[in-house]
Amino acid sequence: MTKTEQFHQLQKNGFLSDKILFRPILMQFAAEYIGSNYGKFASDYKVLVETNLRCMEDFNLDMLGLISDPYRETSAFGAKIKYIPDGVPRCLDLIVKNIDDVKKLKIPDIYKAERTLDRIKAGEVLTKKTQGNIPIIGWIEGPLAEACDLTGMENMLMQLMIDPDFANSLLDKCMTTAKDFAKAQFEAGCEIIGIGDAVCSQIDVDTYNTYVRDRHKELIAYIQSLGGKIKLHICGDTNHLLPSYADFNLDILDLDWQVDIDHARSVLGEKVILAGNINPVDIQNKSSEEVSIVSKELVKKHKNERFILSAGCEITPLTSPENLLAMSEAAKL
């Protein structure tokens, strides 16, 4: 059975008989693992492809992914990006400062913008190399995350409180680009599209429901209408948001270490695949034996559910390969 078939069986039947799927989020760790760096990983699809394939082979990953940094779409909108060898790329300018900037903001052609095209190419190459035998997760910024990238987090969160016209207009433009980028990656071969909107964990549920909830639901429904699957990633403490996800028809939901998996299951039901939720700091700092114990406990507890073993968020670059191997080995039943 291929890894893609295993994923489909997990979705259909609710469990696998011989393993738990293993898919940690790997970015800087993966780049440095193959002797490269974060700047090259984020700027060159060939490096992104190589890191995914090497880590799949060495750590027995069950899914591959195109996640790299928050500024693919931001760059397509016109912001200047600086690559950092040992850190996340930096956005050098906030291109939306007021409502006039929102009105003038042009929807980018994601096939012509360098950074969005680079990710699309990564999807195409991974699809060709894996021949459909392993699920590939594309990645887009959620509407609130992208709005924050364009205008600054402090300003955007302020606009949510004082200027609904500004907030809604900018979020709508971010939605259009999110759909375009998701469609392009799906057509490039990405069966699953990850939606990263981590800033949502920092707002209260009323604000989320007012500005973001319906947009998430619309974006999810759109991607699923294309035939794609959804992986929603809002790291941090999202306990207050779980009820708002109830009718999203999610395929996969990432849970960070602050969210109890059993509680999330009680709110969202049996059909969603829950992924998580070991604290990445623990995976970095604890011994491989300790990581193995924590991982095995999760596997034992959730082996008969729709569950993917992962960290709550990205595996840190200081994590030892032995600790990641301990997680991988724990996924075997």
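The values are calculated or read from the model by the stated rules, or taken from the named source; none is laboratory data. In this text the structure is predicted, and so the values were computed from the model without any measurement. Backbone-built Cβ (ideal geometry, glycine too); neighbour counts: all protein chains shown.
So, in the stretch 100-120, how many residues would count as being part of a helix (DSSP H, G or I) and hydrophobic (A, V, I, L, M, F, W, C)?
Residues meeting the conditions: 3.
Cβ-Cβ below 7 Å, separation at least six or inter-chain, first residue in the stretch 19-41 and more than 18 Å from residue 327 (Cβ to Cβ), second in a helix (DSSP H, G or I) and of a type in the set (Asp, Glu): which pairs?
Listed pairs, sorted by first residue: 34/50.
For residue 298, work out the one condition from (1) buried (at least 17 other Cβ atoms within 10 Å of the Cβ); (2) more than 23 Å from residue 236 (Cβ to Cβ) it doesn't fulfil.
Here residue 298 meets the rest and fails (2).
Please work out which residue is farthest from the chain's Cα centre (by Cα), limiting yourself to the stretch 200-209 and to residues that are surrounded by fewer than 23 Cβ atoms within 10 Å (Cβ to Cβ) and in contact (Cβ under 8 Å) with a residue 40 or more places away in the chain.
207
State which residue is surrounded by the most Cβ atoms within 10 Å (Cβ to Cβ) when the search covers only the stretch 106-118 and only residues that are of a type outside the set (Val, Ile, Thr) and in contact with a Ser or Thr (Cβ under 9 Å, 6 or more places away or on another chain).
So the residue we want is 115.
List the number of the failed condition for residue 134; all other conditions in (1) among the aliphatic types (A, V, I, L, M); (2) within 28 Å of residue 54 (Cβ to Cβ); (3) without any contact (Cβ under 8 Å) to a residue 24 or more places away in the chain hold.
(3)
It is to be established whether one or more residues within the stretch 143-150 are crowded, with 20+ Cβ neighbours inside 10 Å and of a type in the set (Asp, Glu).
Filtering the stretch 143-150 down to residues crowded, with 20+ Cβ neighbours inside 10 Å leaves 143-150.
If we keep only those that are of a type in the set (Asp, Glu) as well, we get 146, 149.
Yes, that holds for at least one residue.
Taking the conditions exactly as written (surrounded by fewer than 18 Cβ atoms within 10 Å (Cβ to Cβ), more than 19 Å from the chain's Cα centre (by Cα) and at positive phi), does residue 269 satisfy them or not?
yes
Filter the stretch 172-196 down to residues that are in a helix (DSSP H, G or I) and under 19 Å from the mean Cα position of the chain (by Cα), then give me how many there are.
The first filter runs over the stretch 172-196 and keeps only residues in a helix (DSSP H, G or I), leaving 172-187.
Keeping just the survivors that are under 19 Å from the mean Cα position of the chain (by Cα) gives 174-187.
Selection size over the stretch 172-196: 14.
Of these, 66, 53, 48, 61, which one is surrounded by fewer than 21 Cβ atoms within 10 Å (Cβ to Cβ) and touching a residue at least 12 places away in the same chain (Cβ under 8 Å)?
None of the other options fit; the residue is 53.
Name the residue, out of 31, 76, that is closer than 17 Å to residue 121 by Cα, small (Gly, Ala, Ser) and at pLDDT 95 or above.
From the options 31, 76, the qualifying one is 76.
Residues to consider are 321, 317; find the one that is in contact (Cβ under 8 Å) with a residue 60 or more places away in the chain, surrounded by fewer than 23 Cβ atoms within 10 Å (Cβ to Cβ) and more than 26 Å from residue 232 (Cβ to Cβ).
None of the other options fit; the residue is 321.
Can you name every residue in the stretch 232-258 that is surrounded by 21 or more Cβ atoms within 10 Å (Cβ to Cβ) and either free of Cβ contacts under 8 Å to residues at least 24 places away in the same chain or of a type outside the set (A, V, I, L, M, F, W, C) (or both)?
Correct list: 233, 238, 245, 251, 253, 254, 256.
Residues that are surrounded by fewer than 19 Cβ atoms within 10 Å (Cβ to Cβ), on the phi > 0 side of the Ramachandran plot and in contact (Cβ under 8 Å) with a residue 12 or more places away in the chain: does the stretch 153-174 have at least one?
There is no residue in the stretch 153-174 that is surrounded by fewer than 19 Cβ atoms within 10 Å (Cβ to Cβ), on the phi > 0 side of the Ramachandran plot and in contact (Cβ under 8 Å) with a residue 12 or more places away in the chain.
Looking only at the stretch 74-105, which residues are free of Cβ contacts under 8 Å to residues at least 40 places away in the same chain and either in contact with a Gly (Cβ under 8 Å, 6 or more places away or on another chain) or small (Gly, Ala, Ser) (or both)?
78
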